[in-house]
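Engineer: Would you mind keeping the following structure in view while I ask a few things?
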């Protein structure tokens, strides 16, 4: 099966995406893979499989590789007298901006290129943590209490310390701090506001249990990964999470009751249903005082959370055969005709 | 000032967009206008101003006009030995799918083309009436009670008749019915489900007052239009609303109290703020039992609601000078370097 891995992007998580792509090269070696790199200036490059190494990008060597363009149905490479098409499904592996904010989804949809990844609405509701809260509230999925703070506004905090401060629209723990007392708040806000004008504050829950669950819908059924209890220090900072993005060995499932597993899956399905079709996502949950709380939706998780699946290649193949289709629109100019007639033009 | 009007699109409201564009040709005659038509197959055509007539499109004559392509910073026209760039700001005038669902916003943002119109998040929250409800709930803006029905599911209606049935993601009253009793429900649902798999049901409020208000943010301040009390029959069907899209004469303001005007503006601002920047939108409100209820957000209203503004050309000029900018991302490959070193590669 042909699969194009699209990675990079004009995103703070650009480098993480490169690591994800290198990891998937190994995990999806049974596929006929193509690698499409999106540079931070939005130029696309075709990267030879043998050059899929961190150095290619950090040295700028990718800029000497063939440039790709978009047209209806595919990416293509121009040469003097011909065009070479890149056929097959695209796997959107751009983390953060571009990939997770709806840009890539809209772009590929516009050019009718089939792709694995979240659609525009799904991006809006998962990329910005505020909107994830809106979604969960509407769907009756519990989350941690929160407050929105805005740059250059007087912000009265009404959540008790310790708190966790996060830029609204970044993953991978970038710009995130735990604040134990008021004296530390200004610095934490300065850091977070560097990445986003909107910041989310939540209580930092002591003694919380954390569980990650990935899944996707294929052939009208949900397919879930094992549940992982992530190896947790106080919280993973960017560098530790970064190493996390290159994980490729299957992990052991968390030792939890069937009841809890079912609860996590139930909450996952509520969020996924009619919103995330076409994507393999990871939901990160908290369990606090016996309540399941949704912490975060990762619509393009690091290295696609491959390590949570027994047969990851099969998951990607199944998913690629169950991609949602946009409704076709027919225009017959009936109304324009009738108006033109009415006006006598 | 150069302004490119982008219209058409693969949308059920394709023809309405053509009428809007023809109307704006007159209203914005002081601008240096270019007309870019997006056909239903997503080909862009450059339309000569003198050909901006309904017949050009209904006869297919537009297919003989120059094809435009997208590249960084602009649309351009290829000829044998050269490229002609179309410079200036784009006004996104594609109603419905493509224009209002985030596709065009993402496309223009990706190619860094400045544009007037809703950004991706703003589209998600206004295009789908369900998500407008989510947004209003989160922002504490009152709306009409509602229920979501889904195709091919057993739907237990818990709203009393008469009700109004609407496809979740269409404007211009397409697929909308008023249902007075149960015997009429199945037919109304069949009609609505033809356009969307998700349908919104609301109580049909008798004796409701309707008010429309348009506005935009420029130079950090909100600018509001007059408030209009639309000429209302039971409700405007597609054909009547369609004629509405070619309106160009300024209407008289509704005779309402300063207090009500302020309330409408307050609710408008709550919804617009930090979401719709870059767009001129129209919000349609109900007043029922002395309560202001938001009925609908039109992020690209028919003919840009020009008839509600005293000086529409000035509004568009001001807006074009206050477009939001995406945060620039710098990548220094610091993390990749440190990982490569740690691994000794």
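Each value in this text was obtained by applying a stated rule to the coordinates, not by laboratory testing. Quick caveat, the model's predicted, so the values are computed rather than measured. So basically every Cβ, Gly included, is an ideal-geometry build from the backbone, and we count neighbours across all protein chains shown.
Engineer: Could you give me the radius of gyration and the Dmax of region A:80-130, taking only the C-alpha atoms into account and expressing both in angstrom?
Structural biologist: 13.1, 50
Engineer: Let me ask something additional. I need the inter-copy label distances for residue B:77: point set 7 Å along Cα to C-beta, values in nm with one decimal, smallest first.
Structural biologist: 3.3
Engineer: Within 10 Å of each residue's Cβ, count the other Cβ atoms and sort A:158, A:288 from fewest upward.
Structural biologist: Details: A:158 8, A:288 17.
Starting with the residue having the fewest Cβ neighbours, the order is A:158, A:288.
Engineer: While we're looking at this one, here's another question. May I ask you to work out the translational diffusion coefficient for region A:104-222 at 25 °C, viscosity 0.890 mPa s, via Stokes-Einstein with Rh from the Kirkwood sum over Cα pairs, reported in whole µm²/s? Intermediate values should be presented prior to the final figure.
Structural biologist: Details: Rh = 16.4 Å.
It comes out at roughly 150 µm²/s.
Engineer: Given Cα pairs under 8 Å that are at least 6 residues apart, what percent is the relative contact order of region B:13-136?
Structural biologist: Values: 151 pairs, mean separation 22.8, N = 124.
Contact order relative to length: 18 percent.
Engineer: Provide the descending list of Cα extents for region A:179-336 along its principal axes, expressed in whole angstroms.
Structural biologist: 67, 46, 31
Engineer: Set the Förster distance to 51 Å, then compute FRET efficiency between residue A:291 and residue B:266 from the Cβ-Cβ distance, nearest 0.05.
Structural biologist: Details: r = 36 Å, r/R0 = 0.70.
In this case the efficiency is close to 0.90.
Engineer: Expressed in whole Å with the largest first, what are the equivalent ellipsoid semi-axes of chain B derived from the C-alpha gyration tensor as the square root of 5 times each eigenvalue?
Structural biologist: Values: eigenvalues 239, 135, 102 Å².
They are 35, 26, 23 Å, listed from largest to smallest.
Engineer: Evaluate region A:177-224: find the radius of gyration of its Cα atoms, find its Kirkwood radius, and give the ratio Rg to Rh. Spell out each step's value before the answer.
Structural biologist: Details: Rg = 17.6 Å, Rh = 14.3 Å.
Reported Rg/Rh (Cα atoms, Kirkwood Rh): 1.24.
Engineer: Quick one: angle between helix A:334-343 and the longest Cα principal axis of chain A, in degrees between 0 and 90, rounded to 10, please.
Structural biologist: Approximately 70 degrees, to the nearest ten.
Engineer: In nm to one decimal, list the spacings between the residue B:151 label point and its equivalents in the other copies, with label points set 7 Å along Cα to Cβ, shortest first.
Structural biologist: Values, ascending and in nm: 4.2.
Engineer: Then there is this: Pick from A:323, A:185, A:46: which residue has the top mean-square fluctuation in a GNM of chain A where Cα pairs under 10 Å get a spring?
Structural biologist: In the Gaussian network model the winner is A:185.
Engineer: Just tell me how shielded B:55-64 is by partners: mean number of partner chain Cβ atoms within 10 Å of each residue's Cβ, no decimals. Display every interim value, and only then the final one.
Structural biologist: Numbers: counts 5, 0, 3, 9, 3, 1, 0, 0, 0, 0.
Average neighbour count from other chains, rounded to a whole number: 2.
Engineer: Same structure again: Using a 10 Å cut-off on Cβ to Cβ distances, tally the other chain neighbours for every residue of B:120-126 and report the average as a whole number. Let's see the in-between values first.
Structural biologist: Numbers: counts 10, 11, 1, 5, 8, 5, 0.
Partner-chain Cβ atoms within 10 Å, mean over residues of B:120-126: 6.
Engineer: Given the peptides B:132-145, B:254-267, arrange them by the average over their residues of other C-beta atoms within 10 Å, most packed first. Don't skip to the answer; put the middle values down first.
Structural biologist: Numbers: B:132-145: 17.7, B:254-267: 14.1.
Going by the mean number of other Cβ atoms within 10 Å, highest first, we get B:132-145, B:254-267.
Engineer: Moving to a separate point now. Based on the Cβ-Cβ distance from residue B:337 to residue A:77, what FRET efficiency comes out when R0 is 30 Å, to the nearest 0.05? Write down the numbers at each step before the final one.
Structural biologist: Numbers: r = 30 Å, r/R0 = 0.99.
For residue B:337 and residue A:77, the calculated efficiency is 0.50.
Engineer: In deg cm²/dmol and to the nearest 500, what is the mean residue ellipticity at 222 nm of chain A if only DSSP H runs of at least 4 residues count, each as -39500 (n - 2.57), divided by the residue total? Working shown, then result.
Structural biologist: Details: 10 runs with 98 residues, N = 345.
Dividing the helical sum by the residues of chain A leaves -8500 deg cm²/dmol.
Engineer: Moving on to the next point. With a point put 7 Å past each Cα toward its Cβ, work out how far residue A:314 is from residue B:310 in nm, to one decimal.
Structural biologist: 7.0
Engineer: Report the FRET efficiency, 1/(1 + (r/R0)^6), for residue A:209 and residue B:328, where r is their Cβ-Cβ distance and R0 is 30 Å, rounded to 0.05.
Structural biologist: 0.15
Engineer: A follow-up question, please. Provide a whole-number value for the mean count of partner chain Cβ atoms within 10 Å of the Cβ atoms in peptide A:105-112. Walk me through the numbers on the way to the answer.
Structural biologist: On the way: counts 4, 13, 6, 1, 7, 10, 2, 3.
Rounded to a whole number, the mean comes out at 6.
Engineer: Provide the packing ranking of A:118-130, A:56-68, A:192-204, i.e. peptides ordered by the mean count of other C-beta atoms within 10 Å per residue, highest first. Before the final figure, lay out the partial values.
Structural biologist: Numbers: A:118-130: 25.3, A:56-68: 16.0, A:192-204: 19.5.
Listed from highest to lowest mean packing, they are A:118-130, A:192-204, A:56-68.
Engineer: Which value, in Å to one decimal place, does the Kirkwood hydrodynamic radius take for region B:147-203 when every pair of different Cα atoms is included? Don't jump to the answer; show the numbers that get you there.
Structural biologist: Details: mean 1/r = 0.0912 Å⁻¹.
One decimal place: 11.0 Å for the Kirkwood radius.
Engineer: Follow-up. With a cut-off of 8 Å between alpha carbons and a minimum separation of six or more residues, what is the relative contact order of region A:147-203 in percent?
Structural biologist: Details: 99 pairs, mean separation 27.0, N = 57.
Once divided by the residue count of region A:147-203, the mean separation gives 47 percent.
Engineer: I need to check one value: relative contact order of chain B, counting alpha carbon pairs closer than 8 Å and at least 6 residues apart, in percent. Mind showing how you got there, number by number?
Structural biologist: Details: 658 pairs, mean separation 60.1, N = 345.
Relative contact order here is 17 percent.
Engineer: For region A:1-156, what is one quarter of the convex hull surface built on the Cα atoms, given in nm²? Write down the numbers at each step before the final one.
Structural biologist: On the way: hull surface 49.6 nm².
Orientation-averaged projected area of the Cα hull: 12.4 nm².
Engineer: I've got another one for you. Quick one: which of B:274-287, B:6-19 comes out on top by average Cβ neighbours within 10 Å, and what's the full order, highest first?
Structural biologist: Numbers: B:274-287: 22.1, B:6-19: 27.2.
Highest to lowest by the protection proxy: B:6-19, B:274-287.
Engineer: Tilt of helix A:129-139 relative to the longest C-alpha principal axis of chain A, in degrees (0 to 90, nearest 10)?
Structural biologist: That helix lies at roughly 90 degrees to the long axis.
Engineer: While we're on this one: Can you list the copy-to-copy distances for residue B:255, using a point 7 angstrom from Cα toward Cβ, in nanometres, shortest first?
Structural biologist: Listed shortest first, these distances are 7.9 nm.
Engineer: Right, another one. With the radius of gyration and the Kirkwood radius both derived from the Cα set of the protein assembly as shown, what is their ratio Rg to Rh? Intermediate results must be reported in sequence, preceding the final value.
Structural biologist: On the way: Rg = 25.5 Å, Rh = 26.6 Å.
In the protein assembly as shown, Rg relative to Rh is 0.96.
Engineer: Looking at chain B as a GNM with Cα springs under 10 Å, which of B:154, B:108, B:319 has the largest mean-square fluctuation?
Structural biologist: B:154
Engineer: Something else: Taking a temperature of 25 °C and a viscosity of 0.890 mPa s, what whole-number D in µm²/s does Stokes-Einstein yield for region B:1-89 with Rh from Kirkwood over alpha carbon pairs? It would help to have the intermediate numbers written out before the result.
Structural biologist: Values: Rh = 13.4 Å.
Estimated via Stokes-Einstein, D reaches 183 µm²/s.
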